[in-house]
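Novice: Input: one structure, supplied below.
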Amino acid sequence: PEVVLSAQNLVKHYPIRKGVLKRTVGQVKAVDGVTFDLHKGETLGIVGESGCGKSTLGRLLMRLEDPTSGSVAFQGEDWSGASGREMRRLRRNIQIVFQDPYTSLNPRMTVGDIVGEPFEIHPDVVPKGGRRKRVQELLDLVGLNPEHINRYPHQFSGGQRQRIGIARGIALNPSVLICDEPVSALDVSVQAQVVNLMEKLQDELGLAYVFIAHDLSVVRHISDRVGVMYLGRMAELGEEDEVYSRPTHPYTQALLSAVPVPDPTLRGKREQIVLVGDVPSPANPPSGCRFHTRCWKAQDRCTTEEPQLVLRPDGHGEHLSACHFAEARAVVETVDVSDVQ
Ligand code: SF4
Ligand code: MG
């Protein structure tokens, strides 16, 4: 399948400044060498605990921030150095939906103005006379009443507000939508509705999603492939069933073992892996494998030699994992968001 978005060794370090002179005393290594391809029409889920760099990754893909090094290419065109017109043209194809529909919508703008705002920046997409009609079509597409075009965000529920955010995100017919925790702020029942809407839109519009979330169940439901991030790097990357059914990285195994089991008869039958300690600071990631301070399988080699993200056997086939001692481990089925409707 066609690659629409490609990240090559993406790095984002933020300087830590101290004192009145704002001297740089260190670097926060938010994203520290991430590589992947996103294919047309697919969903790549990105999971990890807070502070793993997944939101920064989303902002880099969208070029809301410039990478420290590495590149992002859209349909083979590197846009790391793009500026002005070129940047606008590329940005039209990559849009973002934010986590919090309460704060990401301007309360003083009508829904019509919010959804139609991208047309002000990209006036050639829809001629001025046709914008209102186009906005109403978009509202209809995301399951909102087109008659409500003159209402304000506070007149909508949380789920409806996220639909407004999605309508704005797809207004320019992008190929890629970066979704940064798009349902985390919503009630579970509403989450399922919004996820179902996103799947419907994906099928109808051929959109590719980078779906960033900490909720493993939601990510499993929507993703074709999944990347697990830890301290700015990809620990494991593969097809949804590879990562969820045959995880080989101890970190993925631990995350999955902590997901609640839906079927009461299975409860207690699964061995939970409890990780000790917190995620270390991204300003000072551990040497070697950066997971070694919390890994129950760590050996001497792990403290000195960084494992690369390469294909490793998973008991059935092989998929990408960054562990010297990668080994498949059966995981009892995790809850799927569709079970919670
Ligand atoms: Fe654990 Fe070592 Fe594998 Fe890192 S490389 S995940 S420390 S076993
Ligand atoms: Mg899908």
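Read-outs throughout are calculated quantities, based only on the coordinates presented, and are distinct from any laboratory measurement. Only a predicted model underlies this, so the values are computations on that prediction, with no experimental measurement involved. Neighbour counts are summed over all protein chains in view; Cβ atoms, including those assigned to glycine, are modelled from backbone coordinates with ideal geometry.
Novice: Once you've got the Cα coordinates, tell me which of Lys54/Lys297; Lys200/Lys297; Lys12/Lys128; Lys18/Lys297; Lys22/Lys297 are over 31 Å apart. Don't skip to the end; give the middle numbers.
Specialist: Numbers: Lys54/Lys297 25 Å; Lys200/Lys297 42 Å; Lys12/Lys128 39 Å; Lys18/Lys297 37 Å; Lys22/Lys297 41 Å.
Pairs exceeding the cut-off: Lys200/Lys297; Lys12/Lys128; Lys18/Lys297; Lys22/Lys297.
Novice: Then there is this: Of Gln99, Gln27, Gln75, which is the most mobile in a GNM of the chain whose springs link Cα atoms less than 10 angstrom apart?
Specialist: Residue with maximal mean-square fluctuation among Gln99, Gln27, Gln75: Gln27.
Novice: If a/c stays under 1.5 just call it rounded; otherwise compare a/b with b/c (prolate if a/b is bigger, oblate if not). Do that for region 119-210, with a ≥ b ≥ c from the square roots of the Cα gyration tensor eigenvalues. Don't jump to the answer; show the numbers that get you there.
Specialist: Values: a/c = 1.98, a/b = 1.28, b/c = 1.55.
Oblate, since a/c reaches 1.5 and b/c is not below a/b.
Novice: Note down the relative contact order for region 169-249 as a percent, whole number, built from C-alpha pairs under 8 angstrom at least six residues apart. It would help to have the intermediate numbers written out before the result.
Specialist: Details: 80 pairs, mean separation 19.6, N = 81.
Relative contact order here is 24 percent.
Novice: Also, quick follow-up: At 222 nm, what helix-only mean residue ellipticity would the chain give, in deg cm²/dmol to the nearest 500, using -39500 (n - 2.57) for each DSSP H run of four or more? Please report the intermediate quantities before stating the final value.
Specialist: Numbers: 10 runs with 95 residues, N = 341.
Counting only the DSSP helices, I get -8000 deg cm²/dmol.
Novice: Can you tell which of Pro153, Pro247, Pro123 shows the greatest fluctuation in a Gaussian network model of the chain with Cα springs below 10 Å?
Specialist: Maximum among the listed residues: Pro123.
Novice: Where both residues lie in the chain, what percent of DSSP beta bridges are antiparallel, nearest 5?
Specialist: Working: 32 of 49 bridges.
So the antiparallel bridges in the chain amount to around 65 percent.
Novice: I would also like to ask the following. How would you classify region 179-238 from its alpha-carbon gyration tensor, with a ≥ b ≥ c the square roots of the eigenvalues: rounded for a/c under 1.5, else prolate if a/b is greater than b/c, otherwise oblate?
Specialist: Oblate is the answer for region 179-238, as a/c is 1.5 or above yet b/c matches or exceeds a/b.
Novice: Ok, one more. Using the Cα centre of the chain as the reference point, and only Cβ charges (+1 on K/R, -1 on D/E), how large is the resulting charge dipole? Debye, rounded to the nearest 20. All intermediate terms of the calculation are to be shown ahead of the outcome.
Specialist: Details: 39 positive and 43 negative charges, 292 e Å.
In debye, rounded to 20, the chain gives about 1400.
Novice: Let me ask something additional. Quick one: Val25, Val135, Val276, fewest Cβ neighbours within 10 Å first, how do they rank? Don't skip to the end; give the middle numbers.
Specialist: Values: Val25 11, Val135 25, Val276 8.
If I rank by nearby Cβ atoms, fewest first, I get Val276, Val25, Val135.
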